[in-house]
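One structure coming up, written as structure tokens, with questions to follow.
The values are calculated or read from the model by the stated rules, or taken from the named source; none is laboratory data. Note that the structure is predicted; figures quoted are calculated from it, not measured. Positions of Cβ are backbone-derived with ideal geometry, glycine not excepted, and every protein chain shown enters the neighbour counts.
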Amino acid sequence: MIEIIRGDITKLQVDAIVNAANESLRGGGGVDGAIHRAAGPELLAECKRHPGCPTGDAVLTLGYRLPARYVIHTVGPVWGDGSFGEAELLRKAYRSVFRIAADHGDIHTLAFPAISTGVYGYPKDAAAGIAVEIMRENEAGFSRIIACVFDDAMATVYRDLLPRA
């Protein structure tokens, strides 16, 4: 089941939340910074033990002070003009998260932000289309998949896409 929720991803009681991270995994602005602040300094300490995360890949950490047991950090592409493989990199980022979650074995509920749509500048409609496509591909393996968005406009974009997926 895929759900759209408008709210704060750091408050969701799910097995894992997804962090739209940067390659250093050291926290940043937007949802990345919010997740790091809510999880506490232990998250940054664990992230520092990783050598980083290339665009399109994902890394699993504990959730620490979050209601979620785990955080799956993935790095989406920075939008250029669409001719630099951004769509395939965004698909790879979503697929990497689902692969890690499935391989882990005890992740059945998963919440995603709108990866790459903030400071990375990915067009919201196109990014949501890719998100829904990959969520639909993986829906059968999870009891609940949430797209957690921060405003009504983005929630509408997702809701409009879901019936067509």
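Regarding region 113-126, can at least one residue be identified that is surrounded by fewer than 15 Cβ atoms within 10 Å (Cβ to Cβ) and at pLDDT below 95?
Checked region 113-126: at least one residue is surrounded by fewer than 15 Cβ atoms within 10 Å (Cβ to Cβ) and at pLDDT below 95.
Next question, about the same structure. What residue, among those in region 99-124 that are among the hydrophobic types (A, V, I, L, M, F, W, C), touching a strand residue (DSSP E or B) at 6+ places or on another chain (Cβ under 8 Å) and assigned to a helix (DSSP H, G or I), is nearest to Asp152 (Cα to Cα)?
Ala101
Can you name the number of the only condition in (1) in contact with a helix residue (DSSP H, G or I) (Cβ under 8 Å, 6 or more places away or on another chain); (2) on the phi > 0 side of the Ramachandran plot; (3) free of Cβ contacts under 8 Å to residues at least 60 places away in the same chain that Ser116 fails?
Answer for Ser116: the failing condition is (3).
So, in region 38-61, exactly how many residues are without any contact (Cβ under 8 Å) to a residue 24 or more places away in the chain, surrounded by 14 or more Cβ atoms within 10 Å (Cβ to Cβ) and not β-branched (Val, Ile, Thr)?
Total meeting the criteria: 2.
Moving on to the next point. For Val14, indicate whether it is of a type in the set (A, V, I, L, M) and closer than 17 Å to Thr117 by Cα.
Against the criterion (of a type in the set (A, V, I, L, M) and closer than 17 Å to Thr117 by Cα), Val14 does not qualify.
Follow-up. Take the conditions aliphatic (A, V, I, L, M), closer than 20 Å to Pro163 by Cα, surrounded by 14 or more Cβ atoms within 10 Å (Cβ to Cβ) and touching a Pro at 6+ places or on another chain (Cβ under 8 Å) and apply them to Val149. Does it pass?
yes
Looking at Val71, is it among the β-branched types (Val, Ile, Thr), assigned to a helix (DSSP H, G or I), modelled with pLDDT of 95 or more and closer than 15 Å to Ile9 by Cβ?
For Val71, the condition - among the β-branched types (Val, Ile, Thr), assigned to a helix (DSSP H, G or I), modelled with pLDDT of 95 or more and closer than 15 Å to Ile9 by Cβ - is not met.
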